[in-house]
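A short reminder: the numbers here are calculations on the coordinates, not readings from a lab. Note that the structure is a prediction, hence the values are computed from the model and not measured. Cβ placement follows ideal geometry from the backbone for every residue including glycine, while neighbour counts extend to all protein chains displayed.
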Amino acid sequence: MTLRSYLELCKLRIGVMIALTAMVGYSAIAPTVDPLHLLVLGVAMLLGSASSSIFNHYYDRDIDRLMQRTSRRPLAVGGNPQAALWLAGVLLLAGMWLCVGVFNWVVALHLFLGAFFYGVVYTVWLKRRTAFNIVIGGAAGSFAILAGGAAVDPGQWLLPTLMALVLFLWTPSHFWALAILLKDDYTRAGVPMLPVLVGEQRCAQWITANSLLLVTVAALPWLLGILGAPYAVISTLTGLLFLRLHLPLLRDPGKPTARAVFLGSMQYLAGVFLAVVIDRHALPGGLWPF
C-alpha cells in the first residue's frame, strides 16, 4: 500500500476532531494553557484515534465493499490487512507511551478506552447487531475529553465528565442524521442503523428527542455553577439554533433536512466547546468575574 493509503486508513479528519476534543477537556481544567502539553496531548489522541480507525477499516473491509461510500477504501480493494493491523497496534502503544511519559497513566487509560470502545465495542460487538450501536459506541469520543482533563489534574473530574456526557449525547443526533443520508448504503451492507429498521419518520423523532436531552444536559455546567454567563449565553443560543433545524426534519424527514441537522450538529458542538474555552480563558487570569 502507498503512504496515501495508510493515511486514509487513519481517518485523519476524525483524528483531528478527537485531538481538538481532548484539548477542550484540557482547557476546561487548566488555569493556564501550556502549548507544549497541548501539542503532545493532541498528537497522542491523534495516534489513538488513528489506531482505532485502522482497526475499523480492518474489521469492516467485507461490508465496505458493499457500500458505495466505502467501496474504494484501501483494505476493501485488496490492501494488506495484516500490515494495517500491526500499524494499529504500534500507533496505540505509541499514543499510550506519550500519555504516560508526559502526563499520567489515567490519560493513557482514557486513550485506550476510547480506542477500545470504537474498535471493539462499536465496530465488533454492536455495529452489525443493533440499531442503537452508535449510542453506546458514542462513548469512544467522550474518553478524549476525560483524557484532556486528566492531563491537567485527574482529581478534577466533574466538568470533564459533564462535557463527556454532552459529547456522548451529541453522537446519536449527529450519526442518525448521517444514517438517513446513507440509508441505502447501510441497507445494502446489512448494517442495522436506526433509519433502516424504523424508517426516516421514526428516526427523525428519535433524533429530536435526543437533541432536546442533549441541549438540556449542556446547560448543567452553568446551572451547577461550574461555568458562568459566557458559557450560558453561547451554549443556549447555539442550542436553540440547533433545535430549530429539527422542525423541518420532523415535517419532511428526507435527505435535505437530515443534512441540515447533520451539519448543524457539528456547528452546535463547536459552539459549546468554544463556549467552554471562552468562559475559562477569555479574561487574563482565568474565569469571568460573574
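Using 0.36 nm per residue and subtracting the Cα-Cα separation, the extra length available between ARG259 and LEU39 on full extension is 75.9 nm.
Placing a label point 7 Å from the Cα of ARG13 along the Cα-to-Cβ direction, the residues of segment 51-91 whose backbone N falls under 15 Å from that point are 69-73. When all alpha carbon pairs of segment 1-154 are counted in 5 Å bins from zero, the resulting P(r) reads 2, 11, 19, 21, 18, 14, 9, 5, 2, 0 %. Dipole orientation for segment 157-290: of the candidates GLY228, TYR186, GLY239, TYR186 has the Cα lying most toward the positive pole (charges on Cβ; Lys, Arg +1; Asp, Glu -1).
Distance between the 7 Å Cα→Cβ label points at VAL90 and ILE226: 3.9 nm. Per residue, the average separation of C-alpha pairs within less than 8 Å and at least 6 apart gives the chain a relative contact order of 19 percent. A simple spin-label model places pseudo-atoms 7 Å from Cα toward Cβ; at LEU237 and THR187 they are separated by 4.2 nm. Neighbour counting of Cβ atoms within 10 Å sorts the residues HIS246, HIS281, HIS110, fewest neighbours leading, into HIS281, HIS246, HIS110. Relative to the Cα centre, the charge distribution of the chain, modelled as +1 at Lys and Arg Cβ and -1 at Asp and Glu Cβ, gives a dipole magnitude of about 800 debye. Rounded to the nearest whole Hz, the Karplus-based 3J(HN,Hα) values (6.51 cos²θ - 1.76 cosθ + 1.60, θ = phi - 60°) of segment 77-94 follow the sequence 9, x, x, 6, x, 5, 4, 5, 5, 4, 4, 4, x, 5, 5, 5, 5, 5, with x at glycine and proline. Only Cα pairs under 8 Å and 6+ residues apart enter the sum, and on that basis the relative contact order of segment 107-157 stands at 45 percent. Candidate cross-link partners of LYS183 among the lysines, defined by an alpha-carbon separation under 21 Å and a same-chain spacing of 8 or more, comprise LYS127, LYS255.
Compared with the alpha-carbon gap, the fully stretched path from TRP105 to ASP153 is longer by 16.1 nm at 0.36 nm per residue.
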